Structures are given as C-alpha cells and as structure tokens.
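This report refers to the structure that appears directly beneath it.
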Amino acid sequence: MFDQAHVTQHHAPCDKIGGKMDYTTLITSRFSVRSFLKTPIAPEHLALILRAGQVAPTAGNRQPQRILVVQQADRISRLAEATPYTFEAPCILAVCAEMRNCWQRSADGFCTNLADTAIVTTHMMLQAWDIGVGSCWVCVFDPFKVREILNIPDHFQIDCLLPLGYPDPNAKPGPKHLDRKSLAETVFFETFPA
C-alpha cells in the first residue's frame, strides 16, 4: 500500500490489522491526512476503529458518544454542502454527544460532552493510524446542514466530523504539523505564575 520511501519519510502507519507501532511512535508519527485513496475501508479495520471509541473513558462512564458511520458516496457528496473538508474520503464519522446522557458538574453545570467525544475521537484516530488508516479531525462545518443531511436528532450535539481512509501515497503533514510550544510555555508545577 505504501512505498518504502514514503514510509520512511513520513512515518506512515503500518498496513496490517493489529498494528505494530509502539505508543511513542504512534502518537508522534500520526498526522492529519487530507488526501485519501478511493479504496473503501475494510470492514475489519472499521470494526477496530469503532471498538477503540467504544472502550474510551468517559465521565462517569456515561458514554454519551453517538457515532454515525457515513460511507455512501452520495451522502458524502452531500456533506460537501456543509463543509469543504470531506477530502473525498471514503468514510466519514459524525461524532456526536447525546446531550441528555452527559455528565454535569454540580458546582457550575459544566457538561463533559466535548471532553468525552474528544477522548473517543482520539482513541479512534490513533487506532486508525496504527492499522494504516488516516483521519482528519474536522470542526469547520455548518451544523444545521449536517444535521439535516444526516438526519441527526436535535438532542445530539455534533462535535466533529472525522474523514477516514487509506492515505494517498503523496499524503503528508500540513505545514504547521511540527510547530509545538515548549513545555515551559504549557506546563506549570504547583501553581501558575502571578
């Protein structure tokens, strides 16, 4: 599926079920794929990806995630009316939260739906990469159009779209992919500076 030069240059995911990357390689080599082959995702690969989302932790184990798998080409074409970022992927997951099932903090009413679906989505993205499937987290979409196109119930919040597919051999990280703030800018011990 991938030529060796591409694998070496971009640390492409392995292409066998079960994966073979150690965790550090997995998290540091993954990048947002924006160019996919037209090949449909193998059912066994999709099952592994969805299972990864199923086992993700959620607040109070409430499991508010509701994931709609979209694979029909005409429906994916219609989603292009709601976002320019379908990347013509052969599969798109609409990751939603069932708002009536989210855990809420009593002190201020904070609802964990976005945290829960972010963890679920990250689990799926990493599992996908480990088995040779690329993904790209998309939040730029018209939620009203997505809701209409996919017939999503009103009490489901659409948190992200996740295009999935086997990466095109020319897929590469975006120009900002390696830009990371230093730990000194993002991590503090015991208290924040005054």
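Odds and ends about this structure:
- Considering (1) of a type in the set (A, V, I, L, M, F, W, C); (2) in a strand (DSSP E or B); (3) in contact with an Asp or Glu (Cβ under 8 Å, 6 or more places away or on another chain), the lone condition that Ala94 does not fulfil carries the number (3).
- Failed item, numbered, when Gly53 is tested on (1) touching a helix residue (DSSP H, G or I) at 6+ places or on another chain (Cβ under 8 Å); (2) over 12 Å from Met124 (Cβ atoms): (2)
- Single residue of region 166-186 satisfying the filter (of a type in the set (Gly, Ala, Ser), open to solvent by 10 Å² or more (accessible area, probe 1.4 Å) and in a loop (DSSP other than H, G, I, E, B)) that is nearest to Pro64 (Cα to Cα): Gly174
- Residue within region 47-59 that is open to solvent by less than 30 Å² (accessible area, probe 1.4 Å), out of contact with any Cys (no Cβ under 8 Å at 6 or more places or on another chain) and part of a loop (DSSP other than H, G, I, E, B) present: yes
- So Ala73, is it closer than 20 Å to Ile158 by Cβ, among the aliphatic types (A, V, I, L, M) and open to solvent by less than 80 Å² (accessible area, probe 1.4 Å): no
- Search result, residues across region 27-46 that are open to solvent by 80 Å² or more (accessible area, probe 1.4 Å), in a loop (DSSP other than H, G, I, E, B) and closer than 19 Å to Lys172 by Cβ: Arg34, Lys38
- Within region 105-122, the set of residues being touching a residue at least 60 places away in the same chain (Cβ under 8 Å) and open to solvent by 40 Å² or more (accessible area, probe 1.4 Å) comprises Ile119, Thr122.
- Within region 143-165, the set of residues being exposed (fewer than 13 other Cβ atoms within 10 Å of the Cβ), part of a loop (DSSP other than H, G, I, E, B) and of a type outside the set (S, T, N, Q) comprises Pro153, Asp154, His155.
The values are calculated or read from the model by the stated rules, or taken from the named source; none is laboratory data. In this text the structure is predicted, and so the values were computed from the model without any measurement. Note that each Cβ is placed from the backbone with ideal geometry, even for glycine, and that neighbours are counted across all protein chains shown. Surface accessibility is based on the protein's heavy atoms, side chains included, excluding ligands, DNA and RNA. Shrake-Rupley method; radii C 1.70, N 1.55, O 1.52, S 1.80 Å.
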